[in-house]
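Here the structure comes first, spelled out in structure tokens, and everything after it is commentary.
Please treat every number below as a calculation from the coordinates, not as lab data. Keep in mind that what you see is a predicted model, and the values were worked out from it rather than measured. Every residue, glycine as well, gets a Cβ built from its backbone with ideal geometry; the counts of neighbours run over all protein chains shown.
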Amino acid sequence: MNQLILEVRAGVGGDEAAIFAADLARMYQRYAARRGWNFTIVDSSENTLGGYKTFVAEIGGEGCYDALRQESGVHRVQRVPKTEKAGRVHTSTASVAIMPFVEAKEVPLNMGALEVTFSHAGGPGGQNVNKNDSAVRLHHKPTGIVISSRSERSQHANREKAIEILRAKLYEMQIASAHGDAAEDRREQIGSGDRSEKVRTYNFPEDRITDHRIGKKFHNIEAIMEGDLDKIVKAFQKISS
């Protein structure tokens, strides 16, 4: 599969969790650049320190879903935050969801179930973005899912991106429901953000990343955060092959 939707959300840890979420988002963006994949930021919600409360992007390129599907889950970081004056190590989390791109025919939508609102997009993009009400917010009333998109210059383009993301989320729910437990599957996918629900720990003081699902440790954490994910991706591919 050559297209996916990436969602990163800050979990437990306040400002440091939002900063970690931004670090993860940049890590995936840099990895996508290394692989020659397209990376389009669809929407983000920042805190005052430049961290992300939420971050949504589309990634497109050969084999991108197979390479990144194992990234879903709660990621835990242990480090001294920039905001920490006493030099103490803090533990924070961020949740990652990797969702496959879904064709329209796979998840038909009742447009009457959507509440659509528009607003100024803000952020980068020039005066055209800021002057027009191009940002789109979709509320899917049956499920309560809310999607925002503001990356494009037109309402129509942002609306289409928001619908793509909504379809991916609804598809994920359908697949989980078919297996008999949608709530449990979603919890396993992105977790509640609690520190104990972790798939991977990034321990900066010890320069070590531990993936708890496969029991492997990876070093040179700074390089990995700069997008050098190949060793982790290959470790999962070796197990699944």
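Observations, loosely collected:
- Cut-off 12 Å between beta-carbons: net charge of the residues surrounding Glu115, Lys and Arg +1, Asp and Glu -1: +2
- Using alpha-carbon coordinates, inclination of helix 15-35 to the longest axis of the chain, degrees: 80 degrees
- Working note: 222 nm ellipticity from helices only, DSSP H runs with n ≥ 4, each -39,500 (n - 2.57), summed and divided by the residues of the chain, gives -10000 deg cm²/dmol to the nearest 500.
- Taking the chain as the region of interest, the number of lysine pairs whose Cα atoms are within less than 22 Å, with members eight or more places apart or on different chains, is 23.
- On Cα atoms only, tilt of 155-178 relative to the major axis of the chain in degrees: 60 degrees
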